[in-house]
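J.: Please read through the structure below; I'll follow up with questions.
The values are calculated or read from the model by the stated rules, or taken from the named source; none is laboratory data. What you see is a predicted model; the values in this text were computed from it and never measured. We place every Cβ from the backbone using ideal geometry, glycine too, and count neighbours over all the protein chains shown.
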Amino acid sequence: MGTPKVFESEYRFCLILWENEPISSSRLAKLCSERLGWSRTTTYTVIKRLSVRGIVKSENGVVTSLVSKDQVQAAEIDELVEKTFQGSMPAFIAAFTKRRGLSEKDVAEIRKMLDEYGEK
């Protein structure tokens, strides 16, 4: 089974969780109020919804993630590449670089990553 889908507002919630976990649900609700403008009940609803989907765990008033930031980001990229570029990573990279452009430093870092990947 793949990484569960995390929607935009849930992702912003998860960013707070990943930065502070493990964290008490009451402290998490306070941070969500400060950073996202959420009410306490909204935070608890999101905790429950993400718990049901296997993204977070809330046990004895302490919330922890079951899915990492890297996993969520990778799943989003996979979905984008599949949906928008018919699964073609070269097409994705071509579109990204045309739109955004790359510095020489960016190109060097990407080459290094590709070289390391090729060595595996």
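J.: Taking Ser25 and the conditions (1) at pLDDT 95 or above; (2) surrounded by fewer than 12 Cβ atoms within 10 Å (Cβ to Cβ), which numbered condition does it fall short on, given that it satisfies the others?
T.: Only one criterion is unmet by Ser25, namely (2).
J.: If a residue must be surrounded by fewer than 17 Cβ atoms within 10 Å (Cβ to Cβ) and assigned to a loop (DSSP other than H, G, I, E, B), how many such residues does segment 1-20 contain?
T.: Total satisfying the criteria: 5.
J.: Let me ask something else. Report the residue count in segment 21-30 for those that are assigned to a helix (DSSP H, G or I) and under 15 Å from Leu50 (Cβ atoms). Full working, then the answer.
T.: Here is the first cut: in segment 21-30, the ones assigned to a helix (DSSP H, G or I) are 25-30.
Still in the list and also under 15 Å from Leu50 (Cβ atoms): 25, 28-29.
Number of matching residues: 3.
J.: Just to be sure before I move on: is Ala91 within 22 Å of the chain's Cα centre (by Cα) and under 24 Å from Lys5 (Cα atoms) in the structure I sent? Break it down into steps so the answer makes sense when it comes.
T.: Numbers: within 22 Å of the chain's Cα centre (by Cα): no; under 24 Å from Lys5 (Cα atoms): yes.
The answer is no for Ala91.
J.: Can you spot a residue in segment 96-118 that is at pLDDT below 90 and touching a helix residue (DSSP H, G or I) at 6+ places or on another chain (Cβ under 6 Å)?
T.: The answer is no, given that none of the residues of segment 96-118 is at pLDDT below 90 and touching a helix residue (DSSP H, G or I) at 6+ places or on another chain (Cβ under 6 Å).
J.: Can you tell me how many residues within segment 39-58 are in contact (Cβ under 8 Å) with a residue 12 or more places away in the chain and surrounded by 15 or more Cβ atoms within 10 Å (Cβ to Cβ)?
T.: So the count comes out to 8.
J.: Sticking with this one: Taking Val62, is it assigned by TED's automatic domain parsing to the domain that holds Glu21, under 26 Å from Tyr11 (Cα atoms) and in contact with a Ser or Thr (Cβ under 9 Å, 6 or more places away or on another chain)? Full working, then the answer.
T.: Details: assigned by TED's automatic domain parsing to the domain that holds Glu21: yes; under 26 Å from Tyr11 (Cα atoms): yes; in contact with a Ser or Thr (Cβ under 9 Å, 6 or more places away or on another chain): yes.
The answer is yes for Val62.
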